[in-house]
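The structure under discussion appears below in the form of structure tokens.
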Amino acid sequence: MSRRITGFTPSGELHLGNYFGAIKPLVDEQIPDRSIIFVSDLHALTLDHDPAAVRRRTLEFAAVLLAAGADPARSIFLVQSHVPEHTELHYLLESVTGYGEARRMIQFKEKSKDSDRVRVSLLTYPVLMAADILLYHAGEVPVGADQRQHVELARDIAERFNAAYGPVFTVPRMVNPPVAARIMDLARPAVKMSKSTSPAGTLRLLDSPDTLRHKVMRAATDPGSAVEYDPGNRPGIANLLTILSACTGEDPADAAARSGGYADLKRTVADAVIATTDPIRHRYADLGRDPEAVRKILQDGVIRARLIAGNTVAAAKRAIGLLPA
Ligand code: ADP
Ligand code: TRP
């Protein structure tokens, strides 16, 4: 059985889109030695960053992911920069990736367009992501829709390397959540909910219940008053129904049929979001009292990760033509 892996970059704060797009699909099916969840701290260095904030958020993200269900007894749980094999494999994979390929990535184009000082690491970030995945022979990568192109690049790199130098890597595929692969911003339903967009439109996992309710009640809706699941024509209402459906498991169209009107729907969504995130906030508060316990879990993760990662890097080095030490 192949492994599953997913990672979270410690910029901004984790939100409901991250939870339904990637955290839940991984933590719902954790299998010992087969599930890997990590904080991709190196990815936080690809844009302007504040060193102290990255350090603080790395520990905070680890605690939120544990609170959200990452179980170190069943998953390998780690911080990317603690496992040097990630960057070691990154370099080897850069040598099988084209410059044009990297430059074509949509996220690179978007994030570099307004900056006159683009970091080289922003260009090569998807190659590091490929290394994250290929290092552990992960066959399945649960991520939100925005990461599709990056997982496809990891696939292309694995296939190219295997064809040129021998079968070292498992070829990965993206796993989409059943609903909520792309939760939209509540205030601006045309853009995806994201760590870096408007605080008003982003439901953060650590927001208080009052804040969550306030944001949902103020969510942008669509002209008219009918509650229908129609993402093309009624994106605001469709997004609320998607969130409700992700929280309760109910089909969005069925949830629409049961709703009285916009205000009624928003109350139901707020209740569901609070019920879903309450246990996370409580567990996070408990973990916050014991940061040493979180650090201990991360240390343990490094040891387990390196057992797998070390073998992969050794095999890749041998295959690509490097002389063993
Ligand atoms: P952000 O875009 O908020 O900075 P990341 O890019 O760090 O978040 O994403 C972490 C994971 O969460 C990725 O797998 C990503 O696809 C997923 N994700 C991010 N935003 C959403 C969203 N709005 N809906 C569904 N999944 C999402
Ligand atoms: N690039 C992802 C993001 O920004 C995070 C990430 C890094 C990741 N490495 C990964 C996700 C490997 C899945 C697998 O959201």
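Could you list, in sequence order, all residues of the range 50-88 that are of a type in the set (A, V, I, L, M, F, W, C) and not in a helix (DSSP H, G or I)?
Within the range 50-88, ALA68, ALA70, ALA73, ILE76, PHE77, LEU78, VAL79, VAL83 meet the criteria.
Filtering the range 87-104 down to residues that are exposed (fewer than 15 other Cβ atoms within 10 Å of the Cβ) and under 21 Å from ASP41 (Cα atoms), which residue is nearest to ligand 1 (Cβ to nearest atom)? This residue is THR87. Those helices (runs of 4 or more DSSP H) of the range 205-305 in which 1 or more residues are within 21 Å of ALA73 (Cα to Cα) occupy 262-288. Checking each residue in the range 1-48 for being within 14 Å of ligand 1 (Cβ to nearest atom), part of a loop (DSSP other than H, G, I, E, B) and at pLDDT 95 or above picks out THR9, PRO10, LEU14, SER40, THR46. Of all residues in the range 105-120, exactly one satisfies the criterion of being among the β-branched types (Val, Ile, Thr) and loosely packed, with under 11 Cβ neighbours inside 10 Å, namely VAL120.
Within the range 106-125, the set of residues being without any contact (Cβ under 8 Å) to a residue 60 or more places away in the chain and either outside the structural domain of THR87 (by TED's automatic domain parsing) or among the aliphatic types (A, V, I, L, M) (or both) comprises ILE106, VAL118, VAL120, LEU123. Select, from ALA158, ALA163, ALA154, the only residue that is within 11 Å of ligand 2 (Cβ to nearest atom), at pLDDT 95 or above and outside the structural domain of PRO231 (by TED's automatic domain parsing). Just a single option satisfies the conditions, and that option is ALA154. Considering the range 124-151, the residues that are of a type in the set (Asp, Glu) and part of a helix (DSSP H, G or I) include one that is nearest to ligand 2 (Cβ to nearest atom), namely ASP132.
The values are calculated or read from the model by the stated rules, or taken from the named source; none is laboratory data. On a predicted model such as this, the values are computed, not experimentally measured, just so you know. Ideal geometry is used to build each Cβ from the backbone, glycine not excepted, and the neighbour counts take in all protein chains shown.
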